[in-house]
Amino acid sequence: MNEGAAKLAPSKPVVVIAGASGFVGSHLWPTLVGDFEVIGLARAPRPPSPDMTWRACDLYSATSTVAALAGADIAVYLVHSMMPSSRLFQGDFHDTDLLLADNFAKAAARAGVKHIVYLGGLVPPEGYVSPHLQSRLEVEEVLKASGCPVTCLRAGMVVGPGGSSFEILRALVQRLPWMILPKWTRSSGQAVFLDDVLAVIRASLRDPAFVGRTFDLVNGEPLNYETMLRQTADALGKRRLMVPVPIASTGFSKRWVQLFGGASYELISPLIDSLQCDLPQLNPAPEIARYIRYPTFASMLLETLRRSDALPKKKPTAAAPRTNGTVRSIQRLPPIPNHDSHFISNEYIKWLPQFFGTFIRVTRVPGTPRVNFSMVMLRSPLLVLEFIDQGEDVRNKFHIVGGLLTKTTDTGWLEFRQIAHRRFTLAAIHGFVPSLPWLIYRMIQAPVHDWVMHRFGHHLQRLKGSAPSELGAAPKEPARL
């Protein structure tokens, strides 16, 4: 057969990894480049690589996320949002997780992604579920709402060189000659080695038996944090006095671990809350068991220590890059499943002057999609918002285009969005640059905005509890500006 008649080699499946520069992602993508065309998403542009393609992507932006997933066959979601991404962040990480996952899920559906693989967290079958682990479940629900088949891998503590969990353990053991062990250190847990996690993710990308299913990614060894601390001390050759105490509070523990574990409070706080949960003591499913090569925490420690000696020394976690001068604020509102986001934004515009009496006025500019927010004693508006019609019933977006309180007219936006078939509702401000001096903004405007949005949430909750005739029937056509 001559060269012209030779069959073309089939193209490789395109895998896009959100979180490709993180702990798991940075180890995952090098293992995929032989079998897949790999695209890694990063917040900032990166130099070209001969092995993979990097795409700059702001997951807070729906438009940016759609562009980043263009051409993807499979999408891997490794994103956790426990670190702030702006100079000031108002909100909870689990609400941020909802928003980012919603952008990713909708972008995956729009790009025609055939399969999503999500690495989440192991969840207690009963009893206390921490906000961190509850957030992992919510992200699963949001990704599934995309309509794409989703494989959910629920992992225990992922142990490996450079991982924050191991580095915190090592720092505590190395720096503290004695430790008080609160009650939460004896909660049941599970750990899994990084290599085994990577092997299971790779299998999920290749094996149809994984598609659309949920697996607990465990090695089967019963563990608790006290055991991990003691085994870490043994592996490091350190003699440490550890005193168990019947104290359940985590407040002191968080500050203690922050001080001696060398990690930020934003990371430590939700992780320690999760350690109060009794995680299931499970044996891995047959599909998972074949990829488990490290069945004990002791074996994970030895391998991690061997490899970590070759890594450059650094703090366990560095704060995520922050955009100077910008504000991000995200609040969860009560769901209004019988009404769309246009109803919610219009209700906010109607409610705000009623809430403040005659002090605040909200007026629509005739013949334009603009809304002015004004104070009665001032001639110029405080803020000018312009409605951006994107043809969505579950997301209303307003660009911040002017007013006394904003320094820029082309960066910030306010949005109201409904997520996962209207099960969740969020209000959010992104990219806002205040004109007030930063200290005054932090002390006055920011707390007022947060308080107002929470009061609006109470208003929606009262509407939700009203009789249908009081609330009004769901509009057949969105009540757009």
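The values are calculated or read from the model by the stated rules, or taken from the named source; none is laboratory data. These figures come from a predicted structure and were not determined experimentally. Methodologically, a virtual Cβ is constructed for each residue, glycine included, from the backbone with ideal geometry; neighbour enumeration extends over all protein chains shown. Surface accessibility is based on the protein's heavy atoms, side chains included, excluding ligands, DNA and RNA. Shrake-Rupley method; radii C 1.70, N 1.55, O 1.52, S 1.80 Å.
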Reported to the nearest 10 Å², LYS144 has, with a 1.4 Å probe, an accessible area equal to 100
Stretched fully, the stretch from ASP234 through VAL448 gains (0.36 nm per residue minus C-alpha distance, one decimal, in nm) 71.9 nm
Placing each pseudo-label 7 Å from Cα in the direction of the beta carbon, ILE388 and LYS114 end up separated by a distance in nanometres of 3.3
Between the modelled labels at PHE356 and GLU126 (7 Å from Cα along Cα→Cβ) the distance in nm is 5.1
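Can you tally the net charge around ALA209? Count Lys and Arg as +1, Asp and Glu as -1, for every other residue whose Cβ sits under 14 Å from the Cβ of ALA209. Mind showing how you got there, number by number?
Working: positive: ARG202, ARG206, ARG213, ARG290; negative: ASP207, GLU287.
Local net charge: +2.
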The size of the Cβ-based charge dipole (Lys, Arg +1; Asp, Glu -1) of segment 93-137 about the Cα centre, to the nearest 20 debye, is 300
Taking 0.36 nm per residue of separation between ARG46 and SER435 and subtracting their Cα-Cα distance, the length gained on full extension comes to 136.9 nm
Dipole check, segment 128-202, charges on Cβ (K,R +1; D,E -1), about Cα centroid: among MET179, LEU194, SER164 the Cα furthest to the positive pole belongs to MET179
The size of the Cβ-based charge dipole (Lys, Arg +1; Asp, Glu -1) of segment 109-234 about the Cα centre, to the nearest 20 debye, is 240
What one gets for segment 22-125 as the Kirkwood radius, inverse of mean 1/r over different Cα pairs in Å, is 14.8
The distance between the Cα centres of segment 354-374 and segment 100-161, in whole Å, is 39
Using a 1.4 Å probe on heavy atoms of the protein chains only, the accessible area for ILE247 in Å², nearest 10, reads 90
Counting only DSSP loop positions in segment 124-170, the GluC sites (Glu not before Pro) whose Cβ has at most 14 other Cβ atoms within 10 Å are GLU126
Pseudo-spin-label distance ASP309 to ASN338, built 7 Å along Cα→Cβ, given in nm, is 6.8
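Taking the solvent-accessible surface of protein heavy atoms with a 1.4 Å probe, what is the per residue accessible area of segment 130-232 in Å²?
Numbers: 3080 Å² over 103 residues.
That works out to 30 Å² per residue.
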Carbon/sulfur accessible area of segment 43-120, % of total, 1.4 Å probe, equals 54
Sorting GLN90, GLY71, VAL117 by the position of each Cα along the dipole of segment 60-127 (Lys, Arg +1; Asp, Glu -1; all at Cβ), the one nearest the positive end of that ordering is GLY71
